[in-house]
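Here the structure is laid out as structure tokens; the discussion comes afterwards.
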Amino acid sequence: MDDPARLARAVGKGTAVLGGLVVGASVLGGVWQVGVGVLLGVLALGWAIGFFVLATRFFQPQRNPLFPRLLMLSNPLKYPLLLVLAYFAVQGGALMALGFVVGIVLPLAVITGLAVREAVARGGDTNHRAQVYKSTNEREPPP
């Protein structure tokens with residue numbers, strides 16, 4: 001997908017649907033720890049991605065040459081919450097840690113599924129790839 005806002009909506013919707021199914025199935029199956037772990041994992045990945053989106057919005061990398069340094073210096077704001085979420089998942093036991101891993105992988109699986117769907121829909125359209133390459137590099141791709 002070429003539109004980042006559309007991609008974010010699709011990933012959010014797909015993650016919410018799949019996450020809800022996994023959490024619901026784990027609660028109905030009697031292993032609620034997996035569901036809590038999935039919620040913690042999705043929250044951790046959402047925090048990391050959301051933090052990057054906010055950083056790019058406020059620091060404006062196109063106008064600010066210090067953006068890479070500011071992003072690195074902002075890590076003490078981001079990582080403590082991620083470590084706390086991982087700590088809670090590990091303290092919950094093996095099932096909750098497994099759910100945490102599933103929660104981290106879930107949005108990545110949705111992105112992969114969307115990419116595969118887009119590739120199949122285009123049918124291997126190499127002309128689109130050449131146009132994207134040309135627009136980003138202003139020259140023809142190698143043969």
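The values are calculated or read from the model by the stated rules, or taken from the named source; none is laboratory data. Only a predicted model underlies this, so the values are computations on that prediction, with no experimental measurement involved. We place every Cβ from the backbone using ideal geometry, glycine too, and count neighbours over all the protein chains shown.
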Considering the range 1-15 alone, what residues qualify as being surrounded by 12 or more Cβ atoms within 10 Å (Cβ to Cβ) and in a helix (DSSP H, G or I)? LEU7, ALA8, ARG9, ALA10, VAL11, GLY12, GLY14, THR15
Selection from the range 16-48 of residues under 25 Å from LEU77 (Cα atoms) and in contact (Cβ under 8 Å) with a residue 40 or more places away in the chain yields VAL36, GLY37, VAL38, LEU39, LEU40, GLY41, VAL42, LEU43, ALA44, LEU45, GLY46
Quick check, is GLN33 over 16 Å from LEU18 (Cα atoms), polar (S, T, N, Q), surrounded by 12 or more Cβ atoms within 10 Å (Cβ to Cβ) and at pLDDT 85 or above? yes
Residues being closer than 25 Å to PHE59 by Cβ and either within 17 Å of the chain's Cα centre (by Cα) or in a helix (DSSP H, G or I) (or both): count how many of those fall in the range 71-107. 15
Among the residues of the range 45-70, the number that are over 18 Å from the mean Cα position of the chain (by Cα) and in a helix (DSSP H, G or I) is 6
Given the structure, is GLY123 more than 21 Å from GLY12 (Cα to Cα) and modelled with pLDDT under 90? yes
If only one of LEU18, LEU28, LEU85 is surrounded by 14 or more Cβ atoms within 10 Å (Cβ to Cβ), over 29 Å from ALA119 (Cα atoms) and not polar (S, T, N, Q), which one is it? LEU85
